[in-house]
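What follows is a set of notes on a single structure, which appears directly below.
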Amino acid sequence: TPPLLGTTMIFCEPAAAAAVHGRLVAEMPQLRAALLCEGAAAPEGSAEAVARFASGEARALVCTAAAARGLDFPRLRHVLLFDMPKDVAGFVHSAGRTARRGKEGLVTCLVESGAEVGRFRQLHALLPARALEFSAAPAS
């Protein structure tokens, strides 16, 4: 399938982690990232970050779960959950930022081994999707 053209929201928890990841993403100039996280030193104000992302000037928005509700970005095509939401509602609200109004979207969850795998399986069971297969990570 062809790549989805649009913007990406990157969800991280807590706000301090979002600030760290935001600085890393900012090192990639092609993304023109914006950082939206409460309680951490953001390089720009919340309204400015949202405006840059909504206009398409910023192609990535690094944020916390606080941005999972009440924001609608028509250009949004990809949600990256860097940290698994703690509950189903958090997952649904974060994932629900994309694929709105009949458009295609993609949600990518980064899952650590252990307890997160079980939580991810529970969340995934709610969605009509293909079966998941997990394999052990190679020993380091």
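Extension gain for Ser46 to Val20 (0.36 nm times residue separation, less C-alpha to C-alpha distance): 7.7 nm.
Thr98 sits among other residues whose Cβ lies under 12 Å from its own Cβ, and their net charge, with Lys and Arg +1 and Asp and Glu -1, is +4.
The modelled label-to-label distance for the pair Leu110/Asp72, using points 7 Å beyond Cα in the direction of Cβ, is 3.0 nm. A protection proxy built from the mean count of other Cβ atoms within 10 Å ranks the segments 61-68, 89-96, most packed first, as 61-68, 89-96. The amide H of Leu76, built 1.01 Å from its N in the peptide plane, has Thr7 as neighbours under 5 Å, considering only residues 5 or more places off or on other chains.
Computed from backbone phi, the HN-Hα couplings of segment 6-12 come to x, 10, 10, 9, 10, 8, 9 Hz, rounded to whole numbers (Karplus: 6.51 cos²θ - 1.76 cosθ + 1.60, θ = phi - 60°; Gly and Pro given as x).
Readers should treat all values here as calculations from the given coordinates under stated rules, not as data from a laboratory. What you see is a predicted model; the values in this text were computed from it and never measured. Ideal geometry is used to build each Cβ from the backbone, glycine not excepted, and the neighbour counts take in all protein chains shown.
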